[in-house]
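Structure first, commentary second.
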Amino acid sequence: MNYVYVLRSKVDKELYIGSTNDLRRRLSEHNEGKVYSTRLRIPFELVYYEAYLSENDARIRESRLKQRGQARVHLLNRLKDSLQGES
């Protein structure tokens, strides 16, 4: 299984979008500071994920969510209440 995930930093509340084939391992890597792009913003909490059979489908979805387009806006609207709550 391949996953597209959204993490929220508990430090600055900013979101990070990524993809992986092992969601638990990847979350641990983020929180252990092993991911260069997120290491200064740890700890993270998982706020959303989607599962795909195809790695290519997951990568395409990740790319679309990282763009500031309608896919991202739609996702943020769906998560509005979850993102407003305290962690």
If a residue has to be under 24 Å from GLN84 (Cα atoms) and either hydrophobic (A, V, I, L, M, F, W, C) or modelled with pLDDT under 95 (or both) to count, how many in segment 17-36 make the cut?
-> 3
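Yes/no matrix, rows are residues, columns are (1) more than 10 Å from the chain's Cα centre (by Cα); (2) among the aliphatic types (A, V, I, L, M):
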| site | (1), (2) |
| --- | --- |
| TYR3 | no, no |
| VAL6 | no, yes |
| ASN31 | yes, no |
| LEU40 | yes, yes |
| SER54 | yes, no |
| ASP57 | yes, no |
| GLY69 | yes, no |
Failed condition for SER87, given (1) at pLDDT below 95; (2) touching a strand residue (DSSP E or B) at 6+ places or on another chain (Cβ under 6 Å); (3) surrounded by 15 or more Cβ atoms within 10 Å (Cβ to Cβ) | (3)
Go through (1) in contact (Cβ under 8 Å) with a residue 40 or more places away in the chain; (2) touching an Asp or Glu at 6+ places or on another chain (Cβ under 9 Å); (3) loosely packed, with under 15 Cβ neighbours inside 10 Å one by one and return the number of the condition ASN21 breaks.
-> (1)
Near pairs, Cβ below 7 angstrom, 6+ apart or cross-chain, from segment 40-61 (acidic (Asp, Glu)) to any residue that is not in a strand (DSSP E or B) | GLU45/LYS10; GLU45/SER87; GLU50/ARG61; GLU55/ASN21
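The values are calculated or read from the model by the stated rules, or taken from the named source; none is laboratory data. For clarity, every value in this text was computed on a predicted model and none was experimentally measured. Cβ coordinates were reconstructed from backbone atoms using ideal geometry, including for glycine residues, and neighbour counts include every protein chain displayed.
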